[in-house]
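Questions regarding the structure given below will be posed in turn.
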Amino acid sequence: MVSTKTQAQAPLRSLDQRMEALKRANDIRVRRARLKKDLKDGSVQIEQILNAPPEYVETAKVFDMLMAVPKFGRVKAARFLNQCRISQSKTVGGLSERQRAELVGLFNR
């Protein structure tokens with residue numbers, strides 16, 4: 001018995017579509033880098049980002065956003081996420097209302 005599996009391939013995209021996707025991805029990376037810099041400077045608060053995340057932050061990992069906060073390292077960020085029962089691979093847009101409120105509550109203590 002030989003079963004032949006056909007691999008699912010992504011649909012072919014035109015050069016214009018690929019270039020547009022690349023441009024969007026690059027724009028998101030630049031905006032996230034600017035946001036992380038603003039978080040480090042203190043000109044933006046993490047609570048604002050978590051409560052009303054901009055579209056370009058929706059797919060960013062919560063862990064990465066926490067790491068951009070001053071005085072936060074891997075251990076402290078992981079501890080905050082564990083306290084709220086949030087996976088380190090969870091995205092900002094994927095947070096439930098409970099998780100979001102609990103995480104923001106930790107910052108407001």
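The values are calculated or read from the model by the stated rules, or taken from the named source; none is laboratory data. In this text the structure is predicted, and so the values were computed from the model without any measurement. Every residue, glycine among them, receives a Cβ derived from its backbone with ideal geometry; neighbour counts consider all protein chains shown.
Out of all the residues in the stretch 63-109, which are under 19 Å from residue 53 (Cα atoms) and of a type in the set (Val, Ile, Thr)?
Residues satisfying the conditions are 69, 86, 91, 92, 104.
Are any residues in the stretch 84-94 in contact (Cβ under 8 Å) with a residue 12 or more places away in the chain and over 14 Å from residue 66 (Cα atoms), and if so, which ones?
First pass over the stretch 84-94, keeping only residues in contact (Cβ under 8 Å) with a residue 12 or more places away in the chain: 84-86, 88-93.
Correct list: 85, 93.
Quickly run through the stretch 1-30 and pick out the residues that are at pLDDT below 80 and exposed (fewer than 10 other Cβ atoms within 10 Å of the Cβ).
Pass one, the stretch 1-30, residues at pLDDT below 80: 1-13.
Once the filter is applied, which keeps residues that are at pLDDT below 80 and exposed (fewer than 10 other Cβ atoms within 10 Å of the Cβ), the stretch 1-30 yields 1, 2, 3, 4, 5, 6, 7, 8, 9, 10, 11, 12.
Let me ask something else. For the stretch 35-53, give me the residue count where each residue is in a helix (DSSP H, G or I) and surrounded by 17 or more Cβ atoms within 10 Å (Cβ to Cβ). Full working, then the answer.
First pass over the stretch 35-53, keeping only residues in a helix (DSSP H, G or I): 35-41, 46-51.
When the remaining residues are screened for being surrounded by 17 or more Cβ atoms within 10 Å (Cβ to Cβ), the result is 35-36, 39, 46, 49-50.
Number satisfying all stated conditions: 6.
State the number of residues belonging to the stretch 84-105 that are small (Gly, Ala, Ser), more than 15 Å from residue 61 (Cβ to Cβ) and surrounded by 13 or more Cβ atoms within 10 Å (Cβ to Cβ).
From the stretch 84-105, those small (Gly, Ala, Ser) are 87, 89, 93-94, 96, 101, 105; that's our starting set.
Filter again for more than 15 Å from residue 61 (Cβ to Cβ), leaving 96, 101, 105.
Okay, now just the ones that are also surrounded by 13 or more Cβ atoms within 10 Å (Cβ to Cβ), so 101.
The number of residues fulfilling the criteria is 1.
Six or more apart or on different chains, Cβ atoms under 7 Å: show the pairs whose first residue is in the stretch 20-34 and in a helix (DSSP H, G or I) and whose second is surrounded by 11 or more Cβ atoms within 10 Å (Cβ to Cβ) and hydroxyl-bearing (Ser, Thr, Tyr).
So the pair list comes out as 28/56; 31/56; 32/56.
Being touching a residue at least 12 places away in the same chain (Cβ under 8 Å), in a loop (DSSP other than H, G, I, E, B) and not β-branched (Val, Ile, Thr) is the filter; apply it to the stretch 65-81 and report the residue that is surrounded by the fewest Cβ atoms within 10 Å (Cβ to Cβ).
Only one residue tops the list, namely 70.
Just to be sure I understand the filter: pairs with C-beta atoms under 7 Å, separated by 6 or more residues or on different chains, first member in the stretch 38-64 and on the phi < 0 side of the Ramachandran plot and of a type outside the set (Lys, Arg), second member part of a helix (DSSP H, G or I) and exposed (fewer than 14 other Cβ atoms within 10 Å of the Cβ). Which pairs pass?
Going by the 7 Å Cβ cut-off, the qualifying pairs are 46/107; 47/107.
Which of the residues spanning the stretch 68-97 are closer than 21 Å to residue 27 by Cα and in contact with a helix residue (DSSP H, G or I) (Cβ under 6 Å, 6 or more places away or on another chain)?
If the condition is that a residue be closer than 21 Å to residue 27 by Cα and in contact with a helix residue (DSSP H, G or I) (Cβ under 6 Å, 6 or more places away or on another chain), then 68, 92 are the ones that fit.
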